[in-house]
Amino acid sequence: MTAGRIILVDDEADMRLSTAQALDLEGFAVEEAADAQAALDHVGFGFRGIVITDIRMPGMDGLTLMNRIREIDAEIPVILVTGHGDIQLAVRAMREGAYDFVEKPFDGQQLAEIAARAMEYRRVVIENRILRAAAGQADDLETRLVGRSAAMIDLRRRLRTIGPTEADVLIVGETGVGKEVAARALHDLSPRAGRPFIAIDCAALPAALIESELFGHEAGAFPGALRPRYGKFEHARGGTILLDEIGSMPLDVQGKLLRVVQDRVITPLGSNEDRVLDLRFIATSRRPLEDEVAAGRFRADLLYRLNVVTLNVPPLSARREDIQLLFIKLVQEAAARHRRPPVAVPPQLLAEIAERPWPGNVRELRNAADRHALGIALQPAEDRSPDQMRLAARVAGFERDVIVSTLAAHGGRLKPVYESLGLSRKSLYEKMQKYRIDKTHYADAGDEPEG
């Protein structure tokens with residue numbers, strides 16, 4: 001059998017152990033996880049392996065885990081382990097993107113054969129990505145953070161520069177722009193890529209348990225602490241900690257976090273001994289933290305420690321020229337995920353997509369792409385500005401979007417664009433100048449559009 005790395009997720013210790021042993025005998029390197037979150041900590045865009053998970057688990061179940069993994073990388077194979085009563089659920093999951101499923105009780109050889117096929121599929125995916133990058137085509141970063149606007153080109157350049165360093169990073173951007181995607185890219189570009197990437201949602205941590213969750217505790221540290229427990233910082237040893245929406249962290253905890261970031265040591269609750277940490281910190285915020293400092297809700301000294309480098313992920317409103325290309329890509333990804341044939345995106349729809357404001361940014365655009373791939377009509381936009389509703393503005397917007405979508409379809413080459421639109425070369429140039437359309441944004445990777 002083909003050897004490879006498998007993340008095996010099952011909350012039942014005995015079942016997890018026996019499955020791991022069966023796969024180990026077939027030559028696979030198996031990493032066990034007792035819950036879904038532990039598996040997510042080890043999965044990234046460059047992950048060279050597969051995930052096998054039970055469906056029925058407390059907390060995050062196997063189907064939710066599969067969807068979270070597909071958000072990170074839709075081409076990581078996920079194999080589901082299901083009970084007899086969950087067959088219909090597993091079949092539905094196959095339609096939604098699961099690689100395969102096995103029914104309990106299963107034969108170890110059967111699972112190993114499915115795993116080997118999945119591992120080969122993943123190997124080919126990774127190799128093709130490397131070959132595309134070597135050929136000057138879009139690399140992993142361009143696949144994850146799509147866009148030919150100046151803002152996105154600059155963001156990817158900065159990520160490639162900062163990723164291999166040990167610098168702590170603050171990522172700022174509106175909701176849904178892809179801050180966590182950028183954070184994972186930094187981790188994958190770093191020497192820590194093979195170590196855990198642990199995301200901590202600072203807004204969701206229970207106030208009463210936040211210190212125990214982060215720093216860990218000793219037995220007897222507080223009522224109910226029957227045994228010692230590692231905190232999330234220690235679980236990430238050698239890896240990267242993402243402090244998502246750090247502005248939501250209580251002020252008293254911010255003071256303790258400052259010491260961790262500054263000295264790379266923690267003291268678990270109930271202990272007097274410091275423990276040295278080897279970590280990189282990345283923090284995100286949807287609001288400028290300088291404003292939070294001015295309002296007294298965030299510590300200035302913690303901000304200065306975290307923002308060694310600050311990255312701004314632009315909203316779609318600041319890179320509207322990317323919206324149509326991004327939507328086309330998201331539609332095709334959604335079609336593949338739902339096991340449907342490639343779905344066409346008509347110019348009229350592209351024009352409407354480019355006109356909408358998209359306050360939810362890429363997350364909202366992805367949901368719209370999913371609906372289109374499933375044949376569901378987009379809901380009417382309710383929040384267009386008065387200017388957008390004026391006939392002249394809408395006509396001009398439609399004209400610009402048709403030119404942009406045709407440019408994208410022809411890889412930035414002008415001759416087929418003006419011929420297909422029934423324009424003279426001079427008229428096309430004038431309209432491109434009027435609408436500030438840069439043809440180089442739509443050139444195929446590695447190609448130069450003609451002048």
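Residue-wise test of (1) in a loop (DSSP other than H, G, I, E, B); (2) surrounded by 13 or more Cβ atoms within 10 Å (Cβ to Cβ).
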| residue | (1), (2) |
| --- | --- |
| ALA193 | yes, yes |
| ILE198 | no, yes |
| SER212 | no, yes |
| ALA225 | yes, yes |
| ASP252 | no, no |
| ARG259 | no, yes |
| GLN262 | no, no |
| PHE281 | no, yes |
| GLU290 | no, yes |
Within the stretch 299-314, restricting to residues that are of a type in the set (A, V, I, L, M) and not in a strand (DSSP E or B), the one that is nearest to ALA183 (Cα to Cα) is VAL313
Going through the stretch 264-279 in order, the residues found to be farther than 19 Å from LEU243 by Cα and part of a loop (DSSP other than H, G, I, E, B) are GLY270, SER271, ASN272, GLU273, ASP274
Within the stretch 224-239, is even one residue in contact with a Gly (Cβ under 9 Å, 6 or more places away or on another chain) and farther than 23 Å from ALA38 by Cα?
no
Restricting the stretch 427-451 to residues that are farther than 17 Å from GLY147 by Cβ and at pLDDT 80 or above, the one surrounded by the fewest Cβ atoms within 10 Å (Cβ to Cβ) turns out to be SER427
Report task. Tell me, yes or no, whether the stretch 14-26 has at least one residue that is at pLDDT 85 or above, under 23 Å from ARG129 (Cα atoms), touching an Asp or Glu at 6+ places or on another chain (Cβ under 9 Å) and surrounded by 14 or more Cβ atoms within 10 Å (Cβ to Cβ). Result -> no
Of ALA116, ALA90, the only residue that is at pLDDT 90 or above and part of a helix (DSSP H, G or I) is ALA116
If we keep only residues of the stretch 38-54 that are more than 15 Å from the chain's Cα centre (by Cα) and surrounded by fewer than 21 Cβ atoms within 10 Å (Cβ to Cβ), then the residue nearest to VAL125 (Cα to Cα) is ARG48
Considering the stretch 264-281, residues that are within 19 Å of ASP41 (Cβ to Cβ) and not charged (D, E, K, R), and then whichever is nearest to the chain's Cα centre (by Cα), we arrive at PHE281
Q) Any residue at all in the stretch 200-209 that is farther than 30 Å from ARG158 by Cβ and in a helix (DSSP H, G or I)? A) no
Is it the case, given these coordinates, that LEU205 is assigned by TED's automatic domain parsing to the domain that holds LEU257, closer than 18 Å to THR284 by Cα and surrounded by fewer than 21 Cβ atoms within 10 Å (Cβ to Cβ)? yes
So is VAL331 modelled with pLDDT under 85, surrounded by 14 or more Cβ atoms within 10 Å (Cβ to Cβ) and not aromatic (Phe, Trp, Tyr) or not? no
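Each row is one residue, and each column tells you yes or no for (1) out of contact with any His (no Cβ under 7 Å at 6 or more places or on another chain); (2) farther than 19 Å from SER212 by Cα; (3) β-branched (Val, Ile, Thr); (4) outside the structural domain of ARG229 (by TED's automatic domain parsing).
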residue: MET249; (1), (2), (3), (4): yes, no, no, no
residue: VAL260; (1), (2), (3), (4): yes, no, yes, no
residue: VAL265; (1), (2), (3), (4): yes, no, yes, no
residue: PRO268; (1), (2), (3), (4): no, no, no, no
residue: ARG275; (1), (2), (3), (4): yes, no, no, no
residue: ARG299; (1), (2), (3), (4): yes, yes, no, no
The residue that is surrounded by the fewest Cβ atoms within 10 Å (Cβ to Cβ), considering only those in the stretch 411-426 that are closer than 15 Å to ASP401 by Cα and among the hydroxyl-bearing types (Ser, Thr, Tyr), is SER420
Matching residues in the stretch 264-279 (loosely packed, with under 15 Cβ neighbours inside 10 Å, more than 23 Å from ARG192 (Cα to Cα) and among the hydrophobic types (A, V, I, L, M, F, W, C)) number 0
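The values are calculated or read from the model by the stated rules, or taken from the named source; none is laboratory data. Remember, it's a predicted structure, so these values are computed and weren't measured experimentally. Note: ideal-geometry Cβ built from the backbone for every residue, glycine included; neighbour counts use all protein chains shown.
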